[in-house]
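Peer 1: Got a structure here, written out as structure tokens. Questions coming.
The values are calculated or read from the model by the stated rules, or taken from the named source; none is laboratory data. Keep in mind the model is a prediction, meaning the values are calculated, not measured. When we count neighbours, we look across all protein chains shown, and the Cβ atoms used for this are built from the backbone with ideal geometry, even at glycine. We work out accessible area using only protein heavy atoms, side chains counted, and drop any ligands, DNA or RNA first. Shrake-Rupley method; radii C 1.70, N 1.55, O 1.52, S 1.80 Å.
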Amino acid sequence: MLQLQHVNKVYQSGTPNSSVLFNDFNLEVESGQFVSVVGSNGSGKTSMLNLICGSISLDSGRVLLDGKDISHLAENRRARWIGRVFQDPARGTCPHLSITENLAIAENKFKPFNFRRLLDRECHSRYQALLEPLGMGLEKRMDQPCGTLSGGQRQALALLMTALNPPDLLILDEHTAALDPKSSERIMQLTAEIVEQHHLTTLMVTHNLRFALNYGNRLLMMHEGTIIRDNAAEEKQQLQLDTLLNQFNQISIEYGN
């Protein structure tokens, strides 16, 4: 379970540009929930993810993951339990290393290892078997540097790398926003498969309202650092795109987007 308890965050505190982002913000995400988060620009979606991951610090309050208080742990320490896929596909892989080497690093996260022991024929065959179902031909390009892959291919690889060492919490930070429509659809299908297979607790921020409706079992809409809509289970299934779109457009116009 993820818990944000009484979180407060002010940007540029004590200056003329000071702005309150979160004021006594609270959120609970049950283990195994797949939560889609939508909202206008500036609503606090990505800042919430950054607070959870430790990219920015909170002013007060607590972040708990499975009962552990991780509020004051550095971002790299939290990475033991939190996996994150970013909007930019280039941030999820090492561009100068091959597909095989990237997978080996992910599989042995926080373990002592060396490439001589890891990159053997058995690993190569195992990674090929993992890549083949993606339907992207990556299993035939195992020695190719990741920097030469397309955005969709790199994002698919980043998701697969996360699943090799399943985290307690998966953070998806607009992970389809930089992709073309066809790649976005495939990445969302892969996301759903990985989340279901590993029973991952997942927070997905997205601007795609259709994805927010079609994927996951809970939907949050945020505005000015607060949650203004929270639909789960059957309530989410009955939610109509027009209803969501009308509310989204209303708050976006009010916020000047």
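Peer 1: Considering only the stretch 173-185, I want to know if a residue exists there that is within 29 Å of Ile70 (Cβ to Cβ) and aliphatic (A, V, I, L, M). Show your work before the answer.
Peer 2: To start, the set of residues in the stretch 173-185 that are within 29 Å of Ile70 (Cβ to Cβ) comprises 173-178.
With the extra rule that they be aliphatic (A, V, I, L, M), the set shrinks to 177-178.
The answer is yes; a qualifying residue exists.
Peer 1: Take the residues in the stretch 164-197 that are acidic (Asp, Glu) and more than 26 Å from Asn41 (Cα to Cα), then tell me which one is least open to solvent (accessible area, probe 1.4 Å). Steps first, please.
Peer 2: Let us first name the residues in the stretch 164-197 that are acidic (Asp, Glu), namely 168, 173-174, 180, 185, 193, 196.
Checking which are more than 26 Å from Asn41 (Cα to Cα) leaves us with 168, 193, 196.
Details: Asp168: 62, Glu193: 97, Glu196: 137 Å².
Per the criteria, the residue is Asp168.
Peer 1: What is the number of the single condition among (1) modelled with pLDDT under 95; (2) under 20 Å from Leu200 (Cα atoms); (3) open to solvent by 70 Å² or more (accessible area, probe 1.4 Å) that Asp69 does not meet?
Peer 2: Of the numbered conditions (1) modelled with pLDDT under 95; (2) under 20 Å from Leu200 (Cα atoms); (3) open to solvent by 70 Å² or more (accessible area, probe 1.4 Å), the odd one out for Asp69 is (1).
Peer 1: On the basis of being within 23 Å of Ala104 (Cβ to Cβ) and crowded, with 19+ Cβ neighbours inside 10 Å, does Leu131 make the cut? It would help to see each step written out before you state the result.
Peer 2: Working: within 23 Å of Ala104 (Cβ to Cβ): yes; crowded, with 19+ Cβ neighbours inside 10 Å: yes.
So Leu131 fits the description; yes.
Peer 1: Inside the stretch 1-48, can you point out the residues that are more than 12 Å from Thr226 (Cβ to Cβ), open to solvent by less than 50 Å² (accessible area, probe 1.4 Å), part of a loop (DSSP other than H, G, I, E, B) and among the polar types (S, T, N, Q)?
Peer 2: Gln33, Ser40
Peer 1: Moving to a separate point now. Filtering the stretch 116-128 down to residues that are under 19 Å from Cys94 (Cβ atoms) and surrounded by 13 or more Cβ atoms within 10 Å (Cβ to Cβ), which residue is modelled with the highest pLDDT?
Peer 2: Tyr127
Peer 1: For the list (1) outside any helix (DSSP H, G or I); (2) among the small types (Gly, Ala, Ser); (3) open to solvent by 40 Å² or more (accessible area, probe 1.4 Å), I need the number of the one condition that Ala90 fails.
Peer 2: It is condition (1) that Ala90 fails.
Peer 1: For the stretch 114-208, list the helices (runs of 4 or more DSSP H) that sit wholly inside it and hold at least 2 residues that are in contact with a helix residue (DSSP H, G or I) (Cβ under 8 Å, 6 or more places away or on another chain) and farther than 30 Å from Leu244 by Cβ; which are they? Even if it seems obvious, please write down each step before you answer.
Peer 2: Details: elements: 115-118, 121-131, 151-164, 181-198.
Answer list for the stretch 114-208: 115-118, 121-131, 151-164.
One line per residue, one yes/no per condition, for (1) open to solvent by less than 40 Å² (accessible area, probe 1.4 Å); (2) of a type outside the set (Ser, Thr, Tyr); (3) on the phi < 0 side of the Ramachandran plot; (4) within 16 Å of the chain's Cα centre (by Cα):
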residue: Asn50; (1), (2), (3), (4): yes, yes, yes, yes
residue: Gly54; (1), (2), (3), (4): yes, yes, no, yes
residue: Leu65; (1), (2), (3), (4): yes, yes, yes, yes
residue: Glu75; (1), (2), (3), (4): no, yes, yes, yes
residue: Arg78; (1), (2), (3), (4): yes, yes, yes, yes
residue: Val85; (1), (2), (3), (4): yes, yes, yes, yes
residue: Lys109; (1), (2), (3), (4): no, yes, yes, no
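Peer 1: List the number of the failed condition for Leu157; all other conditions in (1) crowded, with 16+ Cβ neighbours inside 10 Å; (2) farther than 19 Å from Val195 by Cα; (3) in contact (Cβ under 8 Å) with a residue 40 or more places away in the chain hold.
Peer 2: It fails just one condition, (2).
Condition check ((1) more than 26 Å from Asp24 (Cβ to Cβ); (2) surrounded by fewer than 17 Cβ atoms within 10 Å (Cβ to Cβ)) across all residues:
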| residue | (1), (2) |
| --- | --- |
| His199 | yes, yes |
| Met204 | no, no |
| Phe211 | yes, no |
| Glu224 | no, no |
| Asn231 | no, no |
| Gln238 | yes, yes |
| Leu245 | yes, yes |
